[in-house]
Amino acid sequence: MSEAEQAPVSRAGYVAIVGRPNVGKSTLLNALVGQKVSITADKAQTTRHRILGIDTQPGVQFVFVDTPGYQTKHSNALNRVLNRAVTTALADVDVVLWVIEALRCGPDDRKLLSLLPANKPVILVMNKVDRVERKNDLLPFVAEVSKLRDFAAIVPVSATKPIQLDVLRAETAKQLPEGEAMFPEDEVTDRSMRFMAAELIREKVFRLVGDELPYESTVVIERFDETSQPGRIEVHANLLVASESQRAIMIGAGGERIKRIGTEARKGMEAMFECGVHLELWVKVKSGWADNEAGLRAYGYD
């Protein structure tokens, strides 16, 4: 009898992972799930959609909800939609993981904390503890931050090493309601392959062009065909930017940059989908796309 059969799921629930941009939410989600379901890059608003990461352990199923970083400095339509995704997710979950960087809790962190529902258990997750050189500094920091709210637990972790993720799972499991599994045990995300293809392309854009291009760029899949050739997926995608100058940056001298984006995105898809991928990319100008909520919905921002 397998371990799963010996210990059927008796607790299950939704767990929101929230925090300001760049605290490591998506990296944490991927580490908890055990594989890549959310893209990562060292740039604000890499995550733009609510993404479920499903982790089924003996006796418990965690449905982690990765949310965009809560933005307090800009207020265009894109950021309003992303912030709304955060607040909507908070209303529908059983537990909240409030992620901050170890030894750092600034105004933006506290602003988001003030928005968390009073009736939800909140676990303080201090990420990146591996970067703290003087570990003795952690105790007074924890003592200070613990005054901000009655936390269900406080767990120092490193999503990249990883450190103490088993402790985080255990503390989170204590807060989940009793219930049966909501997803098959071998499922790790609710998102389609088409969606993940767009996300992988956008990840490479952020990583390879992030320092030069404003984050107001997006990816629209025009074709995703799994039937054209056995063992291979055909993907055609448009990369939308706001101006001709941004288009030139995206393409790069002699087309080298867009070629590299395509090569790395294709390799990422082949690893994720476990098959061959033929990828074609085009860069198109769509000025003002990030300032129009109706247009954002057309591009998949809900």
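What to note about this one:
- Cβ-based exposure ranking for Arg149, Arg266, Arg131, in which fewest neighbours within 10 Å come first: Arg131, Arg149, Arg266
- Proximity of backbone amide H atoms, modeled 1.01 Å from N, is registered between Ile51 and Asp66 at under 5 Å, excluding neighbours fewer than 5 places apart on the same chain.
- Each residue in Val142, Val209 was given a count of other beta-carbon atoms within 10 angstrom of its own, and listing them fewest first yields Val142, Val209.
- Cut-off under 5 Å, modelled amide H: who pairs with Val283 long-range: Leu239
- Antiparallel DSSP beta bridges within the range 82-195, as percent of all bridges there, nearest 5: 15 percent
- Once the chain from Thr263 to Ile154 is taken as fully extended at 0.36 nm per residue, the excess over their C-alpha distance is 35.1 nm.
- Between Glu180 and Thr88, full extension at 0.36 nm per residue minus the direct alpha carbon distance yields a gain of 30.7 nm.
- Sequence of Lys120, Lys284, Lys36, Lys25 once ranked by neighbouring C-beta atoms within 10 Å, starting from the fewest: Lys284, Lys120, Lys36, Lys25
- Greater than 21 Å apart at Cα, pairs in Lys36/Lys284; Lys111/Lys204; Lys135/Lys161; Lys25/Lys120; Lys128/Lys174; Lys36/Lys286: Lys36/Lys284; Lys111/Lys204; Lys128/Lys174; Lys36/Lys286
- The range 125-191-the range 218-284 distance, computed between alpha-carbon centres (Å): 35 Å
No value in this document is a laboratory result; all are computed from the given coordinates. Computed from a prediction, not measured in an experiment: that's the story for all the values here. A quick note on method: Cβ atoms are made from the backbone with ideal geometry, for glycine too, and the neighbour counts reach across all protein chains shown.
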